[in-house]
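Worksheet for the structure shown next.
The values are calculated or read from the model by the stated rules, or taken from the named source; none is laboratory data. All of these numbers come straight from a predicted model, not from anything done at the bench. Cβ placement follows ideal geometry from the backbone for every residue including glycine, while neighbour counts extend to all protein chains displayed. Ligands, DNA and RNA are stripped out before the accessible areas are found, and what is left, the full protein with its side chains, is counted by its heavy atoms. Shrake-Rupley method; radii C 1.70, N 1.55, O 1.52, S 1.80 Å.
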Amino acid sequence: IQGIDAGSSQFGRILLYLQTLTADQMIWSYENDPGTRELQRNLWTDQNPMLNGMFGRTHLTISFANNLLRETTDAKLDERNVSQSTRAEIVTYRAEARLLRALSYYYMMDLFGKANFLTESDAINSVPNVANRAELFDFVESELKAIEGDLKDPKQNEHGRADKAVAWMILAKIYLNAEVYIGTNNYTESLVYSSKIIAGGYT
């Protein structure tokens, strides 16, 4: 990500700023970082470094996920003589990469309402199509449902890696706000996935 300070493109920090500073959920007394004051006072423009940082960081995550998926196809694994035990692990890694990509598209749908859309099927450096909220919603929903069986059960993965409960949480969140994203009330589905998270051991 060029032209942006590392602190202005750190995923967790920028997400916190965009979701809470702009909604009066948090007051930040230190407004010296470029873009912070404008977000907090709802004066931002499309030149805000925090917005650019989130846009860039999210698309970079999508690019990394796409590349991992391109490099771990059956053909590539055959070509590289990858062992069966490693292939079994790669199934889970691929599912986690697809989850992180879906999460990134979820944040683009939520924060920006659209995204430059590419998957591993697109050639590197190809010009992306722009996906709208409804298209992103459909992609995120279908991806998370498709990979569920390849993710570890809740609390069974090693620290820092995603499991089924993460996929369920993203689904619960998209269904909770489906009226904004696709104009449909999906509260029942949100409750279903929230209940699955709780049954999986989360309070």
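Which residues, taken from region 34-88, are over 22 Å from the mean Cα position of the chain (by Cα) and of a type in the set (Asp, Glu)?
Glu38, Asp74, Asp78, Glu79
Under 8 Å between Cβ atoms, which residue pairs at least 6 apart in sequence (or on different chains) link something in region 178-203 that is closer than 15 Å to Leu136 by Cα and without any contact (Cβ under 8 Å) to a residue 12 or more places away in the chain with a partner that is among the small types (Gly, Ala, Ser) and open to solvent by less than 70 Å² (accessible area, probe 1.4 Å)?
That search, which allows pairs on different chains as well, returns Thr184/Ala178.
For region 138-152, what are the residues that are of a type in the set (D, E, K, R) and within 24 Å of Arg87 (Cα to Cα)?
Just the residues of region 138-152 that are of a type in the set (D, E, K, R), to begin with: 138, 141, 143, 145, 148, 150, 152.
Those that are of a type in the set (D, E, K, R) and within 24 Å of Arg87 (Cα to Cα): Glu143, Lys145, Glu148, Asp150, Lys152.
Does Ile90 satisfy the criteria of being more than 30 Å from Thr188 (Cα to Cα) and β-branched (Val, Ile, Thr)? If you could, list the steps in order and put the result at the bottom.
Working: more than 30 Å from Thr188 (Cα to Cα): yes; β-branched (Val, Ile, Thr): yes.
Yes, satisfied.
Looking at the structure I just gave you, is Ala172 among the aliphatic types (A, V, I, L, M) and either farther than 22 Å from Gly12 by Cα or touching a Lys or Arg at 6+ places or on another chain (Cβ under 8 Å) (or both)? Don't jump to the end; show me each part of the working.
On the way: among the aliphatic types (A, V, I, L, M): yes; either farther than 22 Å from Gly12 by Cα or touching a Lys or Arg at 6+ places or on another chain (Cβ under 8 Å) (or both): no.
It is false that Ala172 is among the aliphatic types (A, V, I, L, M) and either farther than 22 Å from Gly12 by Cα or touching a Lys or Arg at 6+ places or on another chain (Cβ under 8 Å) (or both).
Just for helices (runs of 4 or more DSSP H) wholly inside region 34-142: which have at least 1 residues that are in contact with a strand residue (DSSP E or B) (Cβ under 8 Å, 6 or more places away or on another chain) and buried (at least 17 other Cβ atoms within 10 Å of the Cβ)?
Numbers: elements: 36-40, 49-71, 74-79, 84-111.
Here the list reads 49-71, 84-111.
Where residues in region 147-196 are surrounded by 18 or more Cβ atoms within 10 Å (Cβ to Cβ) and of a type in the set (Lys, Arg), which of them is nearest to Gly113 (Cα to Cα)?
Filtering first and then ranking leaves Lys164.
Out of everything in region 9-33 that is under 22 Å from Tyr105 (Cα atoms) and not in a helix (DSSP H, G or I), what residue ends up being most open to solvent (accessible area, probe 1.4 Å)?
Of all residues in region 9-33, those under 22 Å from Tyr105 (Cα atoms) come to 9-23.
If we keep only those that are not in a helix (DSSP H, G or I) as well, we get 9-10.
Numbers: Ser9: 4, Gln10: 96 Å².
The selected residue is Gln10.
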